[in-house]
Every structure is written in C-alpha cells, then in structure tokens.
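Just so it is clear, none of the values below were taken in a lab; they were calculated from the coordinates. The shown structure was predicted, so the numbers you read here are calculated from the model rather than taken from an experiment. Heads up, the Cβs are rebuilt from the backbone with ideal geometry, glycines too, and the neighbour counts pull from every protein chain shown.
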Amino acid sequence: MQKEIAEHKKTGEELRKTKELAETANRAKSVFLANMSHEIRTPMNAVLGYTQILLRDKNLNAEQTEAMKIIESSGNHLLEMINDILDISKIEAGHMDLHSTSFDLNKLIASLADMFQFRCSQKQLGWRIERLDSAAIWVLGDEGKLRQVLINLLGNAVKFTEAGEVLLRITSEQADHYLFEVIDTGAGISPENRTMIFQPFRQDEEGLKKGGTGLGLAIAKKQVALMGGELALDSTPGKGSRFFFDLHLPPAAGQVEAGTKPDKTISRLAEGCHLNALVVDDVRENRTMLSKMLRIVGADVVEAENGRTALEKIHARIPDIVFLDMRMPEMDGTEIIARIQEEFGLERIKIVIATATVFRHQREKFFQLGGHAVVWKPFRCEDIYDCLKKLLGMEFDYEEESPGKTTGHAEPNINFSKTRLPENILLDLKKAAEFGNVTRLAKTLDNLSPQDTATQAVVARLKTCVGRCDVEGITNILGKIREA
Amino acid sequence: MKTLLVDDTPANLDVLRKTLEPEGYEISIASSGEAALKIAPRFLPDLILLDVMMPGMNGYETCRRLKENEATRDIPVIFITAQNDKEDIVKAFRAGGADYIAKPILHEEVCARVRTHMQLRGLQKELKESSR
C-alpha cells in the first residue's frame, strides 16, 4: 500500500515536471516568434521602403522601373509568406484573437473587387461579383481577418483556374447572417483530397505544381472558425470549386470616414505647409529610409540613433512630430515618450510609434504609453503621410496623372490586322522565339524602326515580353502578325 | 558562346540573363524542364544553367534526360539550387551536373563559374576536332 502511494506521488511529480517543461517550451516559442518577426521585418522594412522611394524617382528608365517593381512584388511575397508562417504558429500556440470593429461590408467587397478584377484580367479570366444591393452595410466584426480569408480564397481561385471565371457572391438569407461564396471554374479538388488540403503544409497535386507554402487554407479555416463560421467546400473535378462560409455579423452604427483616401499619388506638402520631424531609430537603414520618405515631400528632418541624442536634438529644436522606434538599446521608446511628455506635455510634440511587432493587439498599449499614432513596419509611404495629415493637419499636392504612365490596368488592345513585318524579320523572330533566344530577339527588335503606329505598338509589346522573359507571350503575339 | 537558362520563375531568368549577356554570351531561356529538352538539341548551347526545383520535371530529371541524348550529352550543366544540403549537392552531381551555384546567386560567382566551364568546353571541342 505504502509502495503504491509512493508510486502515485512519483507519477504526480513527473507529470508536474513535464507540464512545466511544456509550458516553458511554449513560452520560449512565443518569445522566439516575436523576436524572429521583429528581426525579419526590420531588414524588410528597408528593402520595401527604398523600393518605394526609388519607384517615385522620375529619372529611372523603363527597365529599371520594371526591375524595382519585381523587387517590390517579390519582397511583398516574402512578407506574405513570413506572415503566413507566423499566423499558423500563432494559431497553434492559441494566440490568435478576434479584433472586432465596425466596418462597411460593401466597401471591403469593393476593395477586393478592384484587386481581383486586375488579377483576373491578367490571366484573361472573367470576374464576377454578386453582392447585396445597398450603399453601405455597417457591421461589427473582424474586418482584417474577413479580408484575409477572402483574399486567400479568391487568390486560390485565380491561381487554380486556367479558363472561365471567378465569382464572389455575398447573400443574406437570415438577418445579420451573411453567406460568402468563392466559386471558380478551375481544376477542382478530388474527394479524397478535400480534408487534406485544409491541413498545414499539405497540398494536392495541383497545389504542388503551382507552388506556395500550403498554409493558406489551413489559416483561412481557423480564421473562419474563430469568427464563428465554418469554411466548407464543394467541388467537381475538372469543373471547378466552391468555397463558402456563413458568418453572423451584427449591425453597427455607421461612421463618417475622415477624408476619403485619394487614388492619386502624393507629390509633396502643399504650399504653406511646413514641418519639422525627428526620426529616432537605432537601425541606420530604417532611419535614413524614413527620413527620405519625409524629405521627398518637403519636410525638414533631423535624425537620432538613440534616446539620448533624440532628447538633445529635441532641445536644440522642438520638432512638430517624432517618429519613434520602440525597441532600442539603452533608452527604449517607452522611456523616451515619458521624458518628452514630462517636459513638453502630452500634445505639444506628436509621437508616432514605428514598430516591427506582429502583435497588433499591442496597438492599445502603444496609445496608453502616450503615442498618438502607430505605423507597422514595413510601412508604406502613404502610412507616413497619413500621420502628417491626421496629427498635424498637413495638406498635400497630388501628382497629375500623366497619360503615358502605366496605371496597372490591363494593357490596351492592339489591332493586329494592321501590323506588318517583313517576311524575313518575322521568320527570324519566330525562330528565335522557338529557341527562347532572348538575346537574338532583343537585337532584332532593337534594329526595327516601324513607321506605322500599330506596328510600333506591337514592337513595344514584344520588347516588354522579352524584358519579362515571357517567351509564351512573344510566340502568341508573333502568331497574330501578318507578313508584309 | 551560347547559354541556355532554365527556370520556372521569369524574374530569376531575367537576373541571370542580365548577369551573363554583358559578358557576351548569347542567351536562350526555357521556363520548364520539358521546354529545355525541346530547345537544347536544336539550339545546342555550350552550357546549360538549370534550376532544380521546378513544377513538372525537376532539374535532376531534366539533366538525366539531357545526358541520355547523344546530341546534348556533352553540354555541361550547372545546377542553380536553393537547397544546400550535402544530399542535394550529391544528387546534382549524380544526375550528371558539372557544377552547382547556390541561390541567391552572386554575380561574380556566376560569371566565374560560367567562364571556367565555357573554357573547358572550348578546349574539349578543340580536342575532338584535332583527334578526328
């Protein structure tokens, strides 16, 4: 009997120890995640930030602009993957929370429509949207997560559909309940794979062919569940798929948007607007980048690499606004804010907290510390200019939309029946295209100087394809041209 | 001298092209292993730079097929690989690769390795000619 009690005690002790170990490991994982995310976002902020600065430079030639755009989209892609991996880790650690706010459902749908109309036109797919007839539908819910889920599902629909169309449908059969459906005419998913594709890092044959992390659907499923719904799917292999979920979104009071966001690009501060800014960050690349973003619109900027210098610079000249990195050696952001507000009060100097953390729920904490706004790294130029507008009432001049500038919409159609190329040149181009010989293609195209506008347009289009290493595009175009 | 670049990512093809074209090489591109197998026997490049991870036929298999074909057997293949495990390197050489370059690529390294293999290939061709 006594022996048995001793055994029990021993087992209990072991269990307690194991539990402690597991908890420690879990905490270590969370800390590791937070650190990694910060470490990855810091250099990404510089990469994507400088890309934006350079893309504003009017002196770049077409080839350089194209290269910068590739850096930008590859950088964004990398960031998406990092975010996906962090999301799945957060879900597994039970750290993902809901952040409900009131938002206009129709406005969210409209922004998705813009994005996917473009993506569909690039793949020559149809894009259709069926939504509720109403100007605005104000609801209470986690807008960010709903948006992420829909982008995820629509992105997949476009990715796996080679011909036909992608449809986004929102219906409401029952008050405050909304059914979201994403329907495509793609490859479809076989019955045996319908459960597997929702598991992290798992993909079916089609998925493996197209690449990706295999995390998208796993995240979407968990996010829908967190919002109180269930992500389900029907599919007929060869015909297409339908992903759908139903959410309960209670109505919310409408809000008047403070200044609708203009589509035009900001060029500089409006006449009569002046501002002094102080940028505090211990990472030089990020400091110079943010300063540059502010200087290109005409702000006066002073930099500081640590808290002590920051306070010296503030004493030398009181800035209107301080952009502050929170995580710095010696004196951290919290202490700097406290010192500034102790001396200058809460409102004299506006403080924008620039952070690389992924934990968005820290927003409240940042406001409690005395920050007036938060920008998340990697940030866009617009985020920074928004702060100047909201906190200091700054006004801006906008760029005139120049007619020659590509606006990211589908390229204009070319009238191929009017294009003419000499027989020997067309043959030469076709042969080079067959071999994927871009050197030859580029040389031949450079030597052409067509007189009529239709042929000029075709040659320009061919050059763009060569620049993008898009041999299929070249072959397509060449097939449509007639011999002179 | 002619080089065939094989990669499913257009941006990667473009970077390699912009690295090698200024060195005076004539560049052909293929966006898959299947396409490379069609182009190589007719374009007859002096060197092939081959990505390992591609949808459809991967780099190792593509290399093996190139080595099976009389017409393309002697063309040196340099693998471009994001995987730097010992196993992957061994796999590359077993498939018949002459060399490998790690991703992300270093401009100088690509130029130097390509130059070396082009020289070897040139000498090999000369020897064949003179022994006829």
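Determine, for B:Ser31, A:Ser111, the number of other Cβ atoms within 10 Å of each Cβ, and report the residues in order from fewest to most.
A:Ser111, B:Ser31
At a Cα cut-off below 17 Å, give the lysines reachable from A:Lys239, other chains included and same-chain residues fewer than 8 away excluded.
A:Lys159
Please give, to one decimal in nm, the separation of the simple spin-label points placed at B:Arg73 and A:Ile71, each 7 Å out from Cα toward the Cβ.
Each label point lies 7 Å from its Cα, and together they span 4.6 nm.
What share of Cα pairs, in percent, lie more than 20 angstrom apart in the range A:416-483?
14 percent
Charges only on Cβ, +1 for Lys and Arg, -1 for Asp and Glu: so what's the dipole of chain B about the Cα centre, in debye to the nearest 20?
Value, rounded to 20: 400 debye.
Between rounded, prolate and oblate, where does the range A:298-348 land on the alpha carbon gyration tensor, with a ≥ b ≥ c its root eigenvalues, rounded for a/c under 1.5, else prolate if a/b exceeds b/c?
Oblate.
Under the classification rounded if a/c is under 1.5, otherwise prolate if a/b is larger than b/c and oblate if not, where does chain A fall, given a ≥ b ≥ c as square roots of the Cα gyration tensor eigenvalues?
Cα axes put chain A in the oblate bin.
Just to check, using Stokes-Einstein with a Kirkwood Rh over alpha carbon pairs, what's the diffusion coefficient of chain B at 20 °C and 1.002 mPa s in µm²/s?
Calculated translational D: 146 µm²/s.
In the structure displayed, which of A:Lys69/A:Lys145; A:Lys29/B:Lys86; A:Lys90/A:Lys377; A:Lys69/A:Lys463 lie more than 23 Å apart, Cα to Cα? Spell out each step's value before the answer.
On the way: A:Lys69/A:Lys145 27 Å; A:Lys29/B:Lys86 29 Å; A:Lys90/A:Lys377 19 Å; A:Lys69/A:Lys463 17 Å.
Beyond 23 Å: A:Lys69/A:Lys145; A:Lys29/B:Lys86.
Give the cross-link partners of B:Lys128 among the lysines, using a straight C-alpha distance below 24 Å as the criterion and excluding same-chain residues fewer than 8 apart.
Hits, sequence-local ones excluded: B:Lys2, B:Lys67.
Based only on other Cβ atoms within 10 Å, what is the fewest-to-most ordering of A:Asp87, A:Asp133?
The order, fewest Cβ neighbours first, is A:Asp133, A:Asp87.
Exactly which GluC sites (Glu not before Pro) in the range A:307-382 are in a DSSP loop and have at most 10 other Cβ atoms within 10 Å? Each step should come with its number before you reach the end.
Details: sites: A:Glu312, A:Glu330, A:Glu335, A:Glu342, A:Glu343, A:Glu347, A:Glu364, A:Glu382; in loops: A:Glu330, A:Glu347.
When the GluC sites (Glu not before Pro) of the range A:307-382 are filtered for loop state and at most 10 Cβ neighbours within 10 Å, A:Glu330, A:Glu347 remain.
In percent, how large is the relative contact order of the range A:416-483, given Cα pairs closer than 8 Å and 6 or more residues apart?
The value is 51 percent.
To the nearest 500 deg cm²/dmol, what mean residue ellipticity at 222 nm is calculated for chain A from DSSP H runs of n ≥ 4 alone, each contributing -39,500 (n - 2.57), summed and divided by the residues?
Working: 15 runs with 238 residues, N = 484.
Computed ellipticity for chain A at 222 nm equals -16500 deg cm²/dmol.
What ranking do B:Val6, A:Val458, A:Val280 get, fewest neighbouring Cβ atoms within 10 angstrom at the top?
In increasing order of surrounding Cβ atoms, one gets A:Val458, A:Val280, B:Val6.
Loop by DSSP (not H, G, I, E, B), at most 16 other beta-carbon atoms within 10 Å: where is the longest site-free stretch of chain A for chymotrypsin sites (Phe, Trp or Tyr not before Pro)?
Longest gap between qualifying sites, sites excluded: A:1-200.
How shielded is B:11-23 by partner chains, expressed as the average number of their Cβ atoms within 10 Å of its Cβ atoms?
That average works out to 3.
Once you keep just the Cα pairs under 8 angstrom separated by 6 or more residues, what percentage relative contact order results for chain A? Present the calculation step by step, with values, prior to reporting the outcome.
Details: 660 pairs, mean separation 59.1, N = 484.
About 12 percent, as a whole number.
For the range A:311-333 and the range A:184-252, compute the distance between their C-alpha centroids and round to whole Å.
Going from one Cα centre to the other spans 47 Å.
Rounded, prolate or oblate for the range A:122-172? Axes are the square roots of the Cα gyration tensor eigenvalues, ordered a ≥ b ≥ c, and the cut-off for rounded is a/c under 1.5.
Here the range A:122-172 falls in the oblate category.
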